[in-house]
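To keep things clear, I will list the structure first and then write my remarks on it.
Every number in this text was worked out from the coordinates using simple rules, so none of it is lab data. Given the structure is predicted, the values throughout are model-derived calculations rather than measurements. With ideal geometry, Cβ positions are generated from the backbone for all residues, glycine too; neighbour counts draw on all protein chains shown.
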Amino acid sequence: MSTPKQITVTIDGKTCTGTAGQTILEIASAHGIVIPTLCYLKGLSSWGGCRICIVEIKGSPKVVPSCATPAMDGAEIITNSDRLIQLRKCTLELLFSERNHLCPMCPYNKGDCGLQHQGLAHGITGIRYQYLYPAMPIDLTAKYFGLDQNRCILCTRCVRTCDEIEGVHTLDVANRGIRNQIVVDLNATFGASDTCTSCGACVANCPTGALFDKAAAFRGPLASCQTVLTTCTECPVGCGLKVFTKENRIVNVFGDPDSPVNKGHLCVKGRYETWADARERITQPLVRGADGQLHPATWPAAIQRIKDTLAQSPDWETGLLVSPRLTNEAVQTVRKLADKFDRVAAFVAPYEAALCGQPEYAAPDSLQRLDEADAIIVLGARPSEDHGVVAARIRRAVRQRGAKLLIFHARKSGLDRYANICANVVSLERSFWKQVAETLADAQRPVLVYGPQAMSPIGVTVLERLLKSFEDKKEGTGPAVIPLPRSANSLGFGAAGLELLEEIGPWLDTKPMSFLCIVASDEPDGGARLLEERYVRPLLSEVDCLVVQAAYRSALTDMAQVVLPAVTWAEKFGTITNFEGRVLPVRPVLAPVGEMRDDQTILESVFA
Amino acid sequence: MIRSNVLVCGGAGCLSSGCHAVQDALKQELTKRGLDKEINIVVTGCMGPCDLGPVLLVHPDGTFYQRVTALDVPALVEEHFIKGRAYTKLLPKDEVTANLITTQRDFGFFAKQEKIVLANCGVIDAENIEEYIARDGYAALGTVLTAKKPADVIAEIKLSGLRGRGGAGFPTGVKWELLAKAPVTPKFLICNADEGDPGAFMNRAVLEGDPHAVLEGMCIGGYATGASRGFIYIRAEYPLAIKRLQIAIDQAYKYGLLGKNLFGTDFSFDIEMRIGAGAFVCGEETALMRSIEGRRGQPMPRPPFPAQRGLWGKPTNINNVETWATVPVILRKGANWYNQFGTEKTKGTKVFALAGKIRNTGLVEVPYGTTLRQIIFGIGGGIPGGKKFKAVQTGGPSGGVIPAEHLDTPVEYESLQKLGSIMGSGGMVVMDEDSCMVDVARFFLEFCCDESCGKCPPCRVGTKQILNLLERICAGEGQMEDLDKLEQLATVIKDASLCGLGQTAPNPVLTTLRYFRHEYEAHIKEKRCPARVCRELLTYTIHYDNCVGCSICARNCPTNTIFKVKGQKKYYIVEDDCIHCGACFDVCKFNAILKASDGTAHVVPPKPELEPPPGRKTQVPA
Amino acid sequence: MNLEELKKLKEKAQRQVALREGNKKYRVVVSMGTSGIAAGARDVMKTMLDEIEKRGLDDVEVRVTGEHGLEDVEPVIRIEEAGGEETTYARLDAEKAKKIVAEHLGKGKKVENLAVGKQKKTD
């Protein structure tokens, strides 16, 4: 591979060096020269449409967009002539005249709007053109965000984001000229769209208030918030988060652009569901009284109640059942306290136990492998439902690089429509494998992503068959194998050596348990899904003393004798291990309002 | 033995005026008279004088018949083919001497042209490849592939001085050389057949009348530049051209003149058509390429240029239909033959589409350097109806108007640019004293505003803003500051727009302001439209002297604002409710309706006592 | 398709378009006025056309015209040559027509015994 050529250009009289192929804007930025932009965003393809980043090149009568023009060796570039400033001003004024940009009514007023920023930077206090006052619609049908066409400047950052980052291409521009409009699918609404994943990346990248977060609206400019970098704990991908808070409430959640895991991208869970959905929070310990109702109690009272109960019946069968969302530190505490209980286990997704194995099951740089793959096989996993950011990368590989996609799963998923082969795992025929072999014939960098369902009996058969089909290929072109569990800190549990349960019924049933502490931590459903398993509810109701440690109220907490309030991801401090094996920090962004404590503190204070 | 060919012009213009019926009648009549073994009917492409259609050209006599109908055919056959005399009823007349023109050679419209690109148009049957071959078709390709090197071909094109006919006038040889130098393969060639300028139909004529010239030109270009595939991007609004082009492509493949290993060499070339979808902006080369790729037709900034990164990121060369069609004749007759035509800076000939207020509407091909006067008056026949020439609009919506004082300007790229206009692809719309220059500017801006792709604000919003200003001026609501605003907006749009559409959209405004500012001022200061075009500035008055009281105007008035004068057989228009539609003006057979635009000087005629027109119960206004 | 084949195709197809190119070596003008037709000019012309085609003579165009002013001696034809020379043949029939085609048009030899005095070009 040849090293790219070094080139030298002059920008506003300053000598700048760069490499051949770099744009004028890239070289200017690297040398601290600021050129105003609107439609340009690092990480997206260059559009060259807003005409704000225009520069002059000596010898050419036309202005060129610096974000899209490769710098030529020896060029003399001016970024701030009177002509350019005048053109930028007039272009901005035309934008202000085009639609209804009413700053006082906009949540991005006072600092978060790119258009307002450029307007102020260019000293615009009024415009010389007539306002057009078009009647533009507003779409509020998406759950977490809205699209107000009145504020749109048609920069197409959202279109490019949806196409190039999330990979679904839900957004595009319809009509022509002054009637241009951003549309969802074929002129549907967000609520009716069957392609939109609600990842919110478009909202994050919109420079104006056209796309806006409902929960963040009118909470003040981002500059007035505190920022904390933490990690999402909804799934084992572990995306970096940049959380903005104000007065101890979350205002906005963005992806951390410096995180090597997600590079600033998030899915609907990390960006919205964890905090924007309304749930009932348990703020104090609750103890069931003689009247059979749960009553608020103090920590000492609640802890004493548990200790007394245990002391009274020393030969009770005791159990500790923990959520796989616990941080590594909480897991360590569980291990330490394990011998205080007759039985200790963690509940994981069906067939997931085999994936929550030893740390050596981790696949480092899995995401990079995905980014380079030219063939991706997804077996027994549904990234579009469970690991949104991984699904985005798979879609990008397919749509931008023409990678082949083969999906094997019993259940339908949102990724199916992008696949070359989509097979129901349950029914596979012999001729089918020939088709698979043909599809994979030219793959140089295949990747095999497998989820818990791959560990089911049929899944294992298919897995072995797939690996075998690669054996026939030549040396060195075998697939990179990426196990993708579902539970957040699955790998963190690997080292703990805890028993992993895919079903808790049998575990409860082997010997009747009299005391059970379920550490549901910050499970969004408060642990209620445990009750969906057959026989669990009656089995649990037979437990004499059920203690549930959870952040949110649920049918499970309603069954408990004692409920201990736990912190959520937003209040936790610790680490989790993502599916690549990276140990990622979880930092508190909010101070708990109430008596909530973190999982390890609760366990220590009760059982140590 | 066939002793005579009757050429029926089958260009789109003559099709619309009914040449099919003429063709069928001819076939019938010739068979009936037993002449079908002696007289051959050939349907050709456009012969040029589209306004005179349907037209016939009889060879070997060279007799040209105009405005032929099916009913004329029996008499025509009797006179011309049985009795051997020209059928004088359908012969054209010389404008000056009023003599009948008996042969095509004597018809000024044809005689003063130099047909190089259109040499086969109107002569051969476009759906028969053998007729193209009979006229030396594909001979140039054969020679080039077997006896010349690619670099020789490029040198020949450079020497010929051929400049791109799409409007930019970039030297074709240099453009080909850039593609030839590109190190990446595959390379593509594109023929831009989008021809979106309103009133332009030069490319259409070539595609309908001589499609093989384009195919041969592209093959030669492919050999010279190393391209392996060609695309003809043709607008969907040209169904006849699409049909004829597909027939030509299929025939070329069948005869081994397209496809693999042409002329026994290892050069292969494929051509396919891609059909547009109704967007003027897709005539811009980067938008065109996006359209072929299946994306929204929006331009991309240049650099990178298509020769570096074009279709699907590969090196690509785009040329206009006329440019491609000129290539075979250059290679066949030599660059030095070709560059004797034209001027110092611009060699060869150009096809112009003459339209508007002109006697001979149609296509003309003349060498560069011919003056506007020679084209408009010499070949075009001047302005009909005794009206005075006012201006000629060249270059379509990207061009500008040129007034009478510059009629002696030789037509070439640089000279037209100096006048504020552009050559464009060759559209020439002639205007007379009845054309309003402000309305012309408004019309072209409306077009550009509608066709703007909308990617960049200067064009998307700027053209809308300019259009709003012009509409206000045409409606009599303009202010003098609006003229400064127009110029300011025009500068911004021209300078900041991303592509040629925006960069040239203000040209009609700028040139009309430059040469006809007084018309703008009349609209603004006096609320008057000197050409009596702008509706809101018109008044209709009934002239009592001519009015006979037939009431036809009143019966046609959509707002019922015309009343009968009590006691007289005269009518009167109540101006308050008049919407200036001109219906009364159109139906009056007695020249009793005065259409005027007096502006602020208008005096409303005194209102007599009125009564409703007979048979109507409309209320007489107070 | 190679160059040789293209050339042959061109030659074959050229006859089709030849009439539109003008400037033939020979122009045969057949007098087809009422008297001419009565005397059998149609038959003469048809014979000539067939004969010309049979002999593959490419450089000939055949036209008709009205009265020739020689009613007594119809059918009449006039042969105009590229160089300007004109020859008028009169009192023709099918046989004589064939001979004229063979000799004058085919070999360039005037058939003297059928020709009448030189006529000035009338049109």
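For A:LEU41, which sequence-distant residues (separation of 5 or more, or a different chain) have an amide H within less than 5 Å of its own amide H, given hydrogens modelled in the peptide plane?
Close amide H contacts, sequence-distant or interchain: none at all.
Work the Kirkwood hydrodynamic radius out for region B:168-294: mean of 1/r over every pair of different alpha-carbon atoms, inverted, in Å.
On the way: mean 1/r = 0.0658 Å⁻¹.
Answer for region B:168-294: a Kirkwood hydrodynamic radius of 15.2 Å.
Which far-off residues, 5 or more places away or on another chain, put their amide H under 5 Å from the one on A:THR23, with H placed in the peptide plane?
Correct list: A:ALA71.
Which pairs, out of B:LYS158/B:LYS418; B:LYS158/C:LYS7; B:LYS112/B:LYS350, put more than 23 Å between their alpha-carbon atoms?
Cα-Cα > 23 Å for B:LYS158/B:LYS418; B:LYS158/C:LYS7; rest within.
Excluding B:TYR571 itself, calculate the net charge of residues whose Cβ lies under 15 Å from the Cβ of B:TYR571, where each Lys or Arg counts +1 and each Asp or Glu counts -1. Each step should come with its number before you reach the end.
Details: positive: B:ARG555, B:LYS564, B:LYS566, B:LYS569, B:LYS570, B:LYS589, B:LYS607, B:ARG616; negative: B:ASP545, B:GLU575, B:ASP577, B:GLU609, B:GLU611.
Every neighbour counted, the sum reads +3.
Cα centroids of region B:87-107 and region B:146-170: how far apart, whole angstrom?
Value for the Cα centre distance between the two parts: 40 Å.
Report, ordered by chain and residue number, the aspartates and glutamates lying within cross-link reach of C:LYS110, taken as a straight Cα distance under 15 Å and ignoring same-chain residues fewer than 8 apart.
Leaving aside aspartates and glutamates fewer than 8 places away in the same chain, those within reach of C:LYS110 are C:GLU80, C:GLU81, C:GLU85, C:GLU86.
Looking at this model, which pairs from B:LYS243/B:LYS345; B:LYS564/B:LYS595; B:LYS148/B:LYS347; B:LYS27/C:LYS46 are more than 31 angstrom apart at the alpha-carbon?
Details: B:LYS243/B:LYS345 37 Å; B:LYS564/B:LYS595 19 Å; B:LYS148/B:LYS347 23 Å; B:LYS27/C:LYS46 19 Å.
Over 31 Å Cα-Cα: B:LYS243/B:LYS345.
Whole-Hz ³J(HN,Hα) for each residue in region B:332-340, computed from phi via Karplus 6.51 cos²θ - 1.76 cosθ + 1.60 with θ = phi - 60°, x for glycine and proline: what do you get?
Couplings: 7, 9, x, 4, 6, 5, 5, 7, 7 Hz.
Could you tell me what fraction of 2.2 N^0.38 Å the Cα radius of gyration of region A:109-210 comes to, as a two-decimal ratio?
1.13
Cα convex hull of region A:471-608: mean projected area in nm², to one decimal?
11.8
Would you compute, from DSSP H runs of 4+ residues alone, the mean residue ellipticity of chain B at 222 nm, taking -39500 (n - 2.57) per run and dividing by the full residue count, rounded to the nearest 500? Write down the numbers at each step before the final one.
On the way: 22 runs with 218 residues, N = 622.
After summing the helix terms and dividing by residue count, I get -10500 deg cm²/dmol.
For region A:147-205 and region B:1-65, compute the distance between their C-alpha centroids and round to whole Å.
When both Cα centres are located, 56 Å separates them.
Can you sort A:VAL583, B:VAL411 from fewest to most other Cβ atoms within 10 Å of each residue's own Cβ?
The order, fewest Cβ neighbours first, is A:VAL583, B:VAL411.
Take the Cα gyration tensor of region A:1-87, multiply each eigenvalue by 5, square-root it, and list the three semi-axes largest first, rounded to whole angstrom.
They are 20, 16, 11 Å, listed largest first.
What ranking do B:HIS518, A:HIS409 get, fewest neighbouring Cβ atoms within 10 angstrom at the top?
B:HIS518, A:HIS409
Taking the number of other C-beta atoms within 10 Å as the exposure measure, put B:HIS80, B:HIS543, B:HIS523 in order starting with the fewest. Display every interim value, and only then the final one.
Details: B:HIS80 22, B:HIS543 14, B:HIS523 30.
So the ranking, lowest neighbour count to highest, is B:HIS543, B:HIS80, B:HIS523.
Holding the Cα-Cα limit at 32 Å, pick out from A:LYS412/A:LYS468; B:LYS333/C:LYS54; C:LYS25/C:LYS96; B:LYS37/C:LYS107 the pairs that are longer than that.
With Cα atoms farther than 32 Å apart: B:LYS333/C:LYS54.
In chain A, what % of DSSP beta bridges are antiparallel (nearest 5)?
The answer is about 50 percent antiparallel.
Mean residue ellipticity at 222 nm from the helices of chain A, using -39,500 (n - 2.57) per DSSP H segment of n ≥ 4 over the full residue count, to the nearest 500 deg cm²/dmol?
Computed ellipticity for chain A at 222 nm equals -7000 deg cm²/dmol.
Counting only residues 5 or more places away or on other chains, whose amide H sits under 5 Å from the amide H of A:THR231 once H atoms are built in the peptide plane?
A:LEU241, A:ARG587
In degrees, nearest 10, range 0 to 90: what is the angle between the Cα axis of helix C:3-21 and the longest Cα principal axis of chain C?
Tilt of helix C:3-21: around 30 degrees.
If you line up the long axis of helix B:239-254 against the longest principal axis of chain B, both from Cα atoms, how many degrees apart are they, to the nearest 10?
For helix B:239-254, the angle is close to 10 degrees.
Round to the nearest 10 and give me the degree value, 0 to 90, for the angle of helix A:299-312's Cα axis relative to the longest principal axis of chain A.
Long axis of A:299-312 versus the principal axis of chain A: about 30 degrees.
Under 13 Å from the Cα of B:LYS93, which aspartates and glutamates turn up, not counting those fewer than eight places away in the same chain?
Within the straight-line limit of under 13 Å, B:LYS93 reaches these aspartates and glutamates: B:ASP106.
Provide the FRET efficiency to the nearest 0.05 for the A:ASP339-A:ASN187 pair, computing r from the beta carbons and using R0 = 60 Å.
After rounding, the FRET efficiency stands at 0.40.
State, in angstrom, two size descriptors of chain B derived from its alpha carbons: Rg to one decimal place and Dmax to the nearest whole number.
Reported Rg and Dmax, both Å: 27.5, 92.
Through the Karplus equation 6.51 cos²θ - 1.76 cosθ + 1.60, θ set to phi - 60°, convert the phi angles of region B:55-70 into ³J(HN,Hα) values in whole Hz; use x for Gly and Pro.
Taking θ as phi minus 60°, the curve returns 10, 10, 10, 9, 10, x, 4, x, 7, 10, 10, 10, 6, 7, 10, 4 Hz for region B:55-70.
Using θ = phi - 60° and the Karplus form 6.51 cos²θ - 1.76 cosθ + 1.60, what ³J(HN,Hα) does each residue of region A:582-599 get, whole Hz, x for Gly and Pro?
Once θ is set to phi - 60°, the couplings for region A:582-599 become 6, 8, 10, x, 10, 10, x, 9, 10, 8, x, 9, x, 9, 5, 10, 7, 4 Hz.
By a straight-distance test (C-alpha under 17 Å), which aspartates and glutamates pair with A:LYS214 as possible cross-link partners, with residues fewer than eight away in the same chain excluded?
List returned: A:ASP112, A:ASP139, A:ASP148, A:GLU273, A:ASP277.
Return, for the Cα atoms of the protein assembly as shown, the radius of gyration and Dmax in Å, separated by a comma.
Cα radius of gyration and Dmax of the protein assembly as shown are 42.3, 152 Å respectively.
For chain A, take the convex hull of the Cα atoms, compute a quarter of its surface area, and give me that in nm², please. Provide the component values of the computation, followed by the final result.
Numbers: hull surface 128.6 nm².
For chain A, averaging the hull's shadow over all directions gives 32.2 nm².
Where the convex hull is taken over the Cα atoms of region C:23-116, what is its projected area averaged over directions, in nm²? Intermediate values should be presented prior to the final figure.
Working: hull surface 21.1 nm².
Mean orientational projected area (region C:23-116, Cα hull): 5.3 nm².
Are there trypsin sites (Lys or Arg not before Pro) in region B:273-372 that DSSP puts in a loop and that have at most 14 other Cβ atoms within 10 Å, and which ones?
Qualifying residues, ordered by number: B:ARG295, B:LYS345.
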